[in-house]
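Throughout, read-outs are computed from the coordinates displayed, never taken from laboratory work. All of these numbers come straight from a predicted model, not from anything done at the bench. When we count neighbours, we look across all protein chains shown, and the Cβ atoms used for this are built from the backbone with ideal geometry, even at glycine.
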Amino acid sequence: MRHPIVAGNWKMHGSRVENARLVEELLAGCPATPAAACVVCPPFVYLQELARLLRDSAFSLGGQDVCADAQGAFTGEVSAAMLKDVGCEYVIVGHSERRLLYRESDQLIARKFAAAHARGLIPILCVGEQLADREAGRTREVVARQLEVVLELCGASALGQGVVAYEPVWAIGTGRNATPEQAQEVQAFIRARIAARDARIAAATRILYGGSVKAGNAAELFAMPDVDGGLIGGASLKADEFLAILATARPG
């Protein structure tokens with residue numbers, strides 16, 4: 001049985017005061033044994049402070065990105081070892097904003113996945129198509145390409161120890177989300193691609209949906225058989241909304 005995950009990507013938002021208030025509300029409203037693993041991914045500069053605030057709670061900490069190299073002259077980068085050192089258990093790799101705004105290639109993202117995995121972090125690998133790709137019928141082609149580069153470099157076993165997040169780019173921050181059926185179709189396709197290499201690992205791999213997930217649509221999305229939780233953007237910055245999403249999670 002796959003244990004679901006609800007992960008909040010705070011992106012470039014927050015302050016020490018705002019974060020403390022948000023965490024206080026999350027901890028007050030979260031059940032002692034939530035139905036899903038709970039992860040929050042704040043900006044790098046707040047990781048150590050959040051690690052202190054979330055200590056001994058149901059919440060895990062994640063980074064929003066990681067360097068593909070272990071150490072060296074990479075000004076501005078943060079290594080997997082550094083993330084681990086400040087208390088991270090998870091890290092997002094290949095988010096659509098990194099792919100689009102910073103031109104990160106599939107190959108670089110695969111190296112980041114490998115770097116995180118080597119240090120014992122759980123990588124959350126983001127894959128997904130742009131609107132033009134969906135309208136041209138290239139969704140599967142794009143998602144398969146993004147996934148296969150990681151499978152080739154790291155192998156199915158490493159992917160099975162991570163998490164995949166399907167995030168259609170056209171649904172991120174737009175208020176327009178994929179229908180539950182659209183999400184299920186692509187996420188079943190992702191599982192099938194992994195199963196082509198190892199069916200056991202595919203069955204155990206957790207696949208999240210990300211793209212304008214809210215309390216109002218989470219239950220429908222999470223009810224799909226291949227949707228094992230969500231990667232939540234803006235809604236994760238509101239404690240009541242994030243907790244309501246968390247409450248809809250169910251074991252796979």
Where N is the number of residues in region 70-190, Cα Rg divided by 2.2 N^0.38 Å: 1.09
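If you keep only loop residues by DSSP, which GluC sites (Glu not before Pro) in region 152-230 have at most 14 other Cβ atoms within 10 Å of their Cβ? Walk me through the intermediate numbers first.
Details: sites: GLU152, GLU181, GLU185, GLU220; in loops: none.
Loop-located and lightly packed - none at all.
List the trypsin sites (Lys or Arg not before Pro) in region 43-133 that DSSP assigns to loop (not H, G, I, E or B) and whose Cβ has at most 16 other Cβ atoms within 10 Å. Which are they? Working shown, then result.
On the way: sites: ARG52, ARG55, LYS84, ARG98, ARG99, ARG103, ARG111, LYS112, ARG119; in loops: ARG55, ARG103, ARG119.
Those satisfying the criteria are ARG55, ARG103.
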DSSP-loop chymotrypsin sites (Phe, Trp or Tyr not before Pro) across region 90-180, with at most 10 other Cβ within 10 angstrom: TYR102
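Let me check against my output: what whole-number percent is the relative contact order of the chain, with C-alpha pairs under 8 Å and at least 6 apart? Present the calculation step by step, with values, prior to reporting the outcome.
Values: 504 pairs, mean separation 59.4, N = 252.
Reported as a whole number, the value is 24 percent.
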Projected area averaged over orientations for the chain, convex hull of C-alpha atoms, nm²: 12.3
Net length gained if the chain between ASP240 and VAL17 were fully extended (0.36 nm per residue, minus Cα distance): 78.5 nm
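Given the rule -39500 (n - 2.57) for each run of at least 4 DSSP H residues, summed and divided by the residues of the chain, what is its mean residue ellipticity at 222 nm, to the nearest 500 deg cm²/dmol?
Working: 12 runs with 111 residues, N = 252.
Value at 222 nm, helices only: -12500 deg cm²/dmol.
For the chain, please report how many Lys pairs fall under 25 Å Cα to Cα, leaving out neighbours fewer than 8 apart on the same chain. Working shown, then result.
Values: LYS11/LYS84; LYS11/LYS112; LYS11/LYS214; LYS11/LYS238; LYS84/LYS112; LYS214/LYS238.
Pairs that pass both the separation and distance tests number 6.
In terms of the Cα gyration tensor, with a ≥ b ≥ c the square roots of its eigenvalues, is region 181-252 rounded because a/c is under 1.5, prolate because a/b exceeds b/c, or oblate? Please list the in-between numbers first.
Numbers: a/c = 2.50, a/b = 2.30, b/c = 1.09.
Taking the square roots of the gyration eigenvalues as a ≥ b ≥ c, region 181-252 is prolate.
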Cα→Cβ-extended label distance, 7 Å offset, between ALA196 and VAL45, nm: 4.4
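What is the sum of charges, Lys and Arg at +1 and Asp and Glu at -1, for the other residues whose Cβ falls under 13 Å from the Cβ of ARG2?
Numbers: positive: ARG191, ARG200, ARG206, ARG250; negative: ASP226, ASP228.
After counting each charged neighbour, the total is +2.
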Cβ-placed point charges (K, R +1; D, E -1), dipole of the chain about Cα centre in debye, nearest 20: 240
For region 60-165, size of Cβ-based charge dipole, Lys and Arg +1, Asp and Glu -1, in debye: 60
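Per 0.36 nm of contour for each residue apart, how much would the distance between ALA203 and ALA73 grow if the chain were fully extended, relative to their Cα-Cα spacing? The partial results should precede the final answer.
Working: separation 130, 0.36 × 130 = 46.80 nm, distance 4.00 nm.
Result: 42.8 nm gained on full extension.
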Residues of region 208-239 with amide N under 15 Å of the 7 Å Cα→Cβ point at THR179: 220-221, 224
